[in-house]
Amino acid sequence: RSSAASDVYKRQSLSILVIIITGLIMGLSILTSLFQQRLLSAYQTVETSQERLRNAINSISDGIVLFDEIHSGLAISKRAVAAFVESNDKLHLANIGQALAGVKGALIFLNETQCAEVIGMSMRYLNERVLNTDAAADEARLEVLADVLTSIEYYIETVSQSDVSAKDILSLAI
């Protein structure tokens, strides 16, 4: 009988051992699943952060390109107006419409609609009162146009380098 009791004891010990090992395996399985979920969540967070960073870098890069377009278009336009005032040769104004159209487009993209409207008015003035007429251009009005372009240039410079509102500067152009 002691051998039978010993066999029952061994079976019970073995059953308990199987239950303990099964519990450990289930526990490890649960821990592994939790670890995988947290790891996946962390990976998704990293991917989201990287995407946001890429978007921010692209946005900054786009802004730099737009501000460069505005600066170069305004510089070309101011030089063209100055050369025209000195020589009264309309050939100097040949590319000003294209340059100002690029400036206007960049301003619209930057949501600077009021500034874009001022550029649009400048373009209309040049087309209607200077380029498409045989009458002599009013030099005083061209000086005002040059001042408008300078005010916009200064406004854009202020906007591009700070978060401070520069609407007072824009009012000089209007």
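The values are calculated or read from the model by the stated rules, or taken from the named source; none is laboratory data. Here the structure is a predicted model, which means the values were calculated and not measured. Positions of Cβ are generated from backbone atoms using ideal geometry, with glycine treated the same way; all protein chains shown enter the neighbour counts. What goes into the accessible areas is simple: the full protein's heavy atoms, side chains included, and nothing from ligands, DNA or RNA. Shrake-Rupley method; radii C 1.70, N 1.55, O 1.52, S 1.80 Å.
Before moving on, here are some points about what is shown:
- Hey, I119 free of Cβ contacts under 8 Å to residues at least 60 places away in the same chain and open to solvent by 70 Å² or more (accessible area, probe 1.4 Å) or not: no
Conditions (1) farther than 16 Å from V103 by Cα; (2) among the basic types (K, R); (3) under 27 Å from the mean Cα position of the chain (by Cα); (4) open to solvent by less than 40 Å² (accessible area, probe 1.4 Å), marked per residue:
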residue	(1), (2), (3), (4)
L126	no, no, no, yes
L131	yes, no, no, no
D134	yes, no, no, no
L142	yes, no, no, yes
I152	no, no, yes, yes
E157	no, no, yes, no
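- Which numbered condition K78 misses (of (1) among the basic types (K, R); (2) over 30 Å from A99 (Cα atoms); (3) open to solvent by less than 100 Å² (accessible area, probe 1.4 Å)): (2)
Every residue, every condition in (1) modelled with pLDDT of 90 or more; (2) in contact with a strand residue (DSSP E or B) (Cβ under 7 Å, 6 or more places away or on another chain); (3) part of a helix (DSSP H, G or I), yes or no:
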| site | (1), (2), (3) |
| --- | --- |
| H92 | no, no, yes |
| L100 | yes, no, yes |
| K104 | yes, no, yes |
| N111 | no, no, no |
| C115 | yes, no, yes |
| I119 | yes, no, yes |
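- Residue match in region 44-54 (condition: open to solvent by less than 100 Å² (accessible area, probe 1.4 Å), at pLDDT below 80, within 59 Å of the chain's Cα centre (by Cα) and closer than 30 Å to T158 by Cβ): no
- When the test is whether a residue is part of a helix (DSSP H, G or I), open to solvent by less than 80 Å² (accessible area, probe 1.4 Å), closer than 30 Å to A146 by Cα and not aromatic (F, W, Y), I64 does not pass it.
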